[in-house]
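The values are calculated or read from the model by the stated rules, or taken from the named source; none is laboratory data. What you see is a predicted model; the values in this text were computed from it and never measured. FYI the Cβ positions are ideal-geometry reconstructions off the backbone, even for glycines, and counts take in every protein chain you see.
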Amino acid sequence: MKQLFTFVKKEFLHVFRDKKTLLMLFGLPITQIVLFGFALSNEIKNSKVVICDYSNDAVTKQIIEKIQASKYFDITEKVYGRDEIEKTFKKGEVKMAIVFPAHFADDLLHSNKAQIQVIADASDPNTATALKNNVSSIINDYSASIGARSIMPMQIVPEVRMLYNPELKGAPNFVPGVMALVLMLVCTMMSSIAIVKEKELGTMEILLVSPFKPIIIIISKLMPYLLISVFNFGIILILSSTLLGLEIKGSIFLLFAAATLFIVTSLAIGLLISTGAKTQQAAMMTSLMGMMLPTMLLTGFMFPIENMPLPMQLLSNIVPSRWFFVIIKNVMLKGLGFATVWKEMLILFSMSIFLLNISLRKFKIRLE
Amino acid sequence: MVELKNIKKTYNKGSIIAVEDISFNVDKGELFGLIGPDGAGKTSIFRMLTTLMIPDSGTASVNGFDIVKEYKAIRNCVGYMPGKFSLYQDLTVEENLSFFATIFGTTIKENYDLIKDIYVQIEPFKKRMAGKLSGGMKQKLALSCALIHKPTVLFLDEPTTGVDAVSRKEFWAMLKKLKQQGITIIVSTPYMDEAILCDRIALIQAGKILSLDTPEKIVTNFQDKLYAVKANNTYKLLTDLRKFSLTNSCFAFGEYLHVTFSENISENTVTAYLEKLGHTNIEFKTTIPTIEDCFIKLITSP
């Protein structure tokens, strides 16, 4: 026990005295999240909007005024007809078009229901969603205010069309995806040099001629990176809830438990690379090259896994970040509990045990 | 204490022979030297005895434990100092020492007596990073770390390579002291002048033992008469003496050349030959052979 403690302490000293590694450990995940945070910011002000008002009555005028008054929109012109809308979109400056059909006020009065068509440029899905939400809330506010005055509830239904990217894939998935990617890469890379470093510096030679057990070295190599990564995960959570405005809906404890499992799994992959690698550089390259692509492709945040050919879908099962991504989405974004993610957590747990076992077996008790 | 029987080790699937059929014994409390140039196979022998490598064939034991089957027992009771400085450079002197003490299940205090003489010299720098120590101090620290668990056998692979002359002397004095405490020491060195400080030595070349005996006996086994020759132009002297029909061997040795001849020869014959070739200030005298002379003789004689 004392051996383990000394070993762990030694590993901490290594990490904290190596300023470059330390900078990478803390800097990389934070910068990534901050960068994505600004890139994904949903505060969109003064977007250019065109109005196509076939009705031109009191009600439409009121709605248009409300939209104009909002800080989000800037009505540039009024157009008539599909072709003109299309033209303004193609110029690229206009983000959204709002179409009021003819007899808008009449419909609203007589059938208590009227429709507005909202057309958004969804080539940038993020902006499009944000704009759609903003315009919907303005219209809902308005219909609520007029509804209160009449006996019958009146409804104005915004009918939204997303141009160019109707499914809006990607956007809300990004943050959990980046979390999984960043944690996975940083953890694997850091632990991949852990054992090979001792080999390269020659310290392994005297370490081997001592009564230590391989399990002790494996555990103590994991410890500092595990603690640092869990801490990092906390910072990432704070940043994504403050900077990105992503509300954490589920249990924080569950999130941390899942993150710990995922971090151990990633570290175990790194250790496995480390036991096999000949030099630190080779280990770094293997972990970077070997992990980057599968994680990006097969996690599911860039490309939905359901749409992939079957072999790829099967392959994605062995990528730990895929399971972590599901957990984070369910717990953080949807607020679901342990009952819905226990399967994924069990998979991560088994993976980490399996990988640690192999690295322990692969650990060479002699020099080659 | 240490026994090797017909040990053989090759690398690259047998294409490079590192150690060829080596057998020797080292007794308890002996200071045994492996003497040979770089690439002679010294490090391979050390690595096999410290259980870091498995021999291709042959058997060996340390403290009665087999180096392959009972490697764990050996790792508990030996001290090893590799040829390359192998401590943690980013840990301080004190941290290194206490780390190695702990992994062997002991403390600095417990065995302080054993390392005291060595450690007091580096103690003023105990807060310094090991990587920032000078060569001699690094070796002293490495020796302290190898000794901290009171090993019964100590393996030192070229401990004085890259160390200044004063530190080398100190280092050997320390080994003598350790020997007195009953520790068996196997040390390797490429420096022939250190060989006489050992109880027994094995001269190794290309993975084979050329000779194994006490340094004194190895020297007395040198039967030929050895002469030291000196003249103004050393290089020309070397080539001319090698051309001389009666010369057996001729090697530079400090400022002199050490020469043996195939038959008894008078000083005049040689000086006459050399003067004819234009050498001046010729000095010619008999000299006592050193280990190096023996080594050269052994590797040159067929």
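Scan segment B:54-64 and tell me whether some residue there is in contact (Cβ under 8 Å) with a residue 24 or more places away in the chain, under 22 Å from residue B:8 (Cβ atoms), within 9 Å of chain A (Cβ to nearest Cβ) and buried (at least 17 other Cβ atoms within 10 Å of the Cβ). Within segment B:54-64, none of the residues are in contact (Cβ under 8 Å) with a residue 24 or more places away in the chain, under 22 Å from residue B:8 (Cβ atoms), within 9 Å of chain A (Cβ to nearest Cβ) and buried (at least 17 other Cβ atoms within 10 Å of the Cβ). Of all residues in segment B:207-224, exactly one satisfies the criterion of being part of a helix (DSSP H, G or I), in contact with a strand residue (DSSP E or B) (Cβ under 7 Å, 6 or more places away or on another chain) and of a type outside the set (A, V, I, L, M), namely B:215. So is residue A:120 assigned by TED's automatic domain parsing to the domain that holds residue A:141 and not in a strand (DSSP E or B) or not? Spelling it out, it is not the case that residue A:120 is assigned by TED's automatic domain parsing to the domain that holds residue A:141 and not in a strand (DSSP E or B).
Residue-wise test of (1) assigned to a loop (DSSP other than H, G, I, E, B); (2) touching a residue at least 60 places away in the same chain (Cβ under 8 Å); (3) under 30 Å from residue A:245 (Cβ atoms).
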residue: A:287; (1), (2), (3): no, yes, no
residue: A:301; (1), (2), (3): yes, yes, yes
residue: A:306; (1), (2), (3): no, no, yes
residue: A:341; (1), (2), (3): no, yes, yes
residue: A:347; (1), (2), (3): no, no, no
residue: A:361; (1), (2), (3): no, no, no
residue: A:368; (1), (2), (3): yes, no, no
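In this structure, residue B:28 does satisfy being modelled with pLDDT of 90 or more and surrounded by fewer than 16 Cβ atoms within 10 Å (Cβ to Cβ). For residue B:160, which of the numbered conditions (1) in a helix (DSSP H, G or I); (2) over 16 Å from residue B:27 (Cβ atoms) fails to hold? Only one criterion is unmet by residue B:160, namely (1). Per this entry, residue B:87 is counted among residues that are part of a loop (DSSP other than H, G, I, E, B) and at pLDDT 90 or above.
Considering only segment A:52-75, state which residues are under 19 Å from residue A:106 (Cβ atoms) and not in a helix (DSSP H, G or I). Outline the logic, then answer.
Narrowing segment A:52-75 to residues under 19 Å from residue A:106 (Cβ atoms): A:52-64.
Residues satisfying the conditions are A:52, A:53, A:54, A:55, A:56, A:57.
Based on what the data block shows, is residue A:211 within 14 Å of another protein chain (Cβ to nearest Cβ) and either modelled with pLDDT under 85 or surrounded by fewer than 19 Cβ atoms within 10 Å (Cβ to Cβ) (or both)?
On the way: within 14 Å of another protein chain (Cβ to nearest Cβ): yes; either modelled with pLDDT under 85 or surrounded by fewer than 19 Cβ atoms within 10 Å (Cβ to Cβ) (or both): yes.
Spelling it out, residue A:211 is indeed within 14 Å of another protein chain (Cβ to nearest Cβ) and either modelled with pLDDT under 85 or surrounded by fewer than 19 Cβ atoms within 10 Å (Cβ to Cβ) (or both).
Limited to segment A:96-113, what total is found for residues that are assigned to a strand (DSSP E or B) and modelled with pLDDT under 80? Number of matching residues: 1.
What is the residue count in segment B:223-254 for residues that are in contact with a Cys (Cβ under 7 Å, 6 or more places away or on another chain) and crowded, with 18+ Cβ neighbours inside 10 Å?
Taking segment B:223-254 as the starting set, the residues that turn out to be in contact with a Cys (Cβ under 7 Å, 6 or more places away or on another chain) are B:238, B:241-242.
This time we only want the ones that are crowded, with 18+ Cβ neighbours inside 10 Å, so: B:241.
Residues in segment B:223-254 being in contact with a Cys (Cβ under 7 Å, 6 or more places away or on another chain) and crowded, with 18+ Cβ neighbours inside 10 Å: 1 in total.
Among the residues of segment A:192-208, write down those that are away from every other protein chain (no Cβ under 13 Å) and among the hydroxyl-bearing types (Ser, Thr, Tyr). Result: A:192, single match. Just so you know, in segment B:5-57 the residues that are among the small types (Gly, Ala, Ser) and more than 16 Å from the chain's Cα centre (by Cα) include one that is nearest to residue B:294 (Cα to Cα), and it is B:23. Hey, does segment B:77-89 have a residue that's within 14 Å of chain A (Cβ to nearest Cβ), surrounded by fewer than 18 Cβ atoms within 10 Å (Cβ to Cβ) and polar (S, T, N, Q)? Scanning segment B:77-89, I find at least one residue that is within 14 Å of chain A (Cβ to nearest Cβ), surrounded by fewer than 18 Cβ atoms within 10 Å (Cβ to Cβ) and polar (S, T, N, Q), so the answer is yes.
Among the residues of segment B:135-152, is there at least one that is free of Cβ contacts under 8 Å to residues at least 12 places away in the same chain and over 17 Å from residue B:80 (Cα atoms)? Scanning segment B:135-152, I find no residue that is free of Cβ contacts under 8 Å to residues at least 12 places away in the same chain and over 17 Å from residue B:80 (Cα atoms), so the answer is no.
Return a yes/no flag: does segment A:329-348 have any residue that is in the same structural domain as residue A:200 (by TED's automatic domain parsing), at pLDDT 90 or above and charged (D, E, K, R). Looking through segment A:329-348, at least one residue is in the same structural domain as residue A:200 (by TED's automatic domain parsing), at pLDDT 90 or above and charged (D, E, K, R). In segment B:182-204, is there at least one residue being surrounded by fewer than 16 Cβ atoms within 10 Å (Cβ to Cβ), part of a helix (DSSP H, G or I), free of Cβ contacts under 8 Å to residues at least 60 places away in the same chain and not hydrophobic (A, V, I, L, M, F, W, C)? No, segment B:182-204 contains no residue that is surrounded by fewer than 16 Cβ atoms within 10 Å (Cβ to Cβ), part of a helix (DSSP H, G or I), free of Cβ contacts under 8 Å to residues at least 60 places away in the same chain and not hydrophobic (A, V, I, L, M, F, W, C). Would you say residue B:44 is more than 10 Å from chain A (Cβ to nearest Cβ), part of a helix (DSSP H, G or I) and within 17 Å of residue B:186 (Cα to Cα)? When the stated conditions are applied, residue B:44 passes them.
Condition first: under 23 Å from the mean Cα position of the chain (by Cα) and closer than 17 Å to residue A:174 by Cα. Can you find one or more residues in segment A:337-346 that meet it? Before the answer, list the steps.
Taking segment A:337-346 first, the residues under 23 Å from the mean Cα position of the chain (by Cα) are A:337-346.
Among the residues that remain, those that are also closer than 17 Å to residue A:174 by Cα are: none.
The answer is no; no qualifying residue exists.
Need the failing condition index for residue A:231 against (1) away from chain B (no Cβ under 14 Å); (2) touching a helix residue (DSSP H, G or I) at 6+ places or on another chain (Cβ under 8 Å); (3) farther than 22 Å from residue A:335 by Cβ; (4) part of a helix (DSSP H, G or I), just the number. Looking at each condition in turn, residue A:231 falls short on (2).
Residues of segment A:322-368 that are of a type in the set (Val, Ile, Thr) and either surrounded by 14 or more Cβ atoms within 10 Å (Cβ to Cβ) or away from every other protein chain (no Cβ under 14 Å) (or both): A:326, A:327, A:328, A:331, A:340, A:341, A:347, A:353, A:358.
What residue, of A:261, A:246, is touching a Ser or Thr at 6+ places or on another chain (Cβ under 7 Å), in contact (Cβ under 8 Å) with a residue 12 or more places away in the chain and not in a helix (DSSP H, G or I)? Step through it out loud before you land on a result.
On the way: A:261 fails: not in a helix (DSSP H, G or I).
Result: A:246 is the single residue among A:261, A:246 that is touching a Ser or Thr at 6+ places or on another chain (Cβ under 7 Å), in contact (Cβ under 8 Å) with a residue 12 or more places away in the chain and not in a helix (DSSP H, G or I).
Residues in segment B:65-76 that are buried (at least 20 other Cβ atoms within 10 Å of the Cβ) and in contact with a Phe, Trp or Tyr (Cβ under 7 Å, 6 or more places away or on another chain): B:74 alone. Could you tell me whether segment B:110-120 includes any residue that is in contact with a strand residue (DSSP E or B) (Cβ under 9 Å, 6 or more places away or on another chain) and either more than 12 Å from chain A (Cβ to nearest Cβ) or under 26 Å from residue B:51 (Cα atoms) (or both)? Scanning segment B:110-120, I find no residue that is in contact with a strand residue (DSSP E or B) (Cβ under 9 Å, 6 or more places away or on another chain) and either more than 12 Å from chain A (Cβ to nearest Cβ) or under 26 Å from residue B:51 (Cα atoms) (or both), so the answer is no.
If only one of B:85, B:99 is in contact (Cβ under 8 Å) with a residue 12 or more places away in the chain and closer than 23 Å to residue B:134 by Cα, which one is it? Explain how you work it out, then say what you get.
Working: B:99 fails: in contact (Cβ under 8 Å) with a residue 12 or more places away in the chain.
That would be B:85, the only listed residue that is in contact (Cβ under 8 Å) with a residue 12 or more places away in the chain and closer than 23 Å to residue B:134 by Cα.
If you check residue A:28 against the conditions, is it closer than 30 Å to residue A:190 by Cα, at pLDDT 80 or above and in the same structural domain as residue A:177 (by TED's automatic domain parsing)?
Working: closer than 30 Å to residue A:190 by Cα: yes; at pLDDT 80 or above: yes; in the same structural domain as residue A:177 (by TED's automatic domain parsing): yes.
So residue A:28 fits the description; yes.
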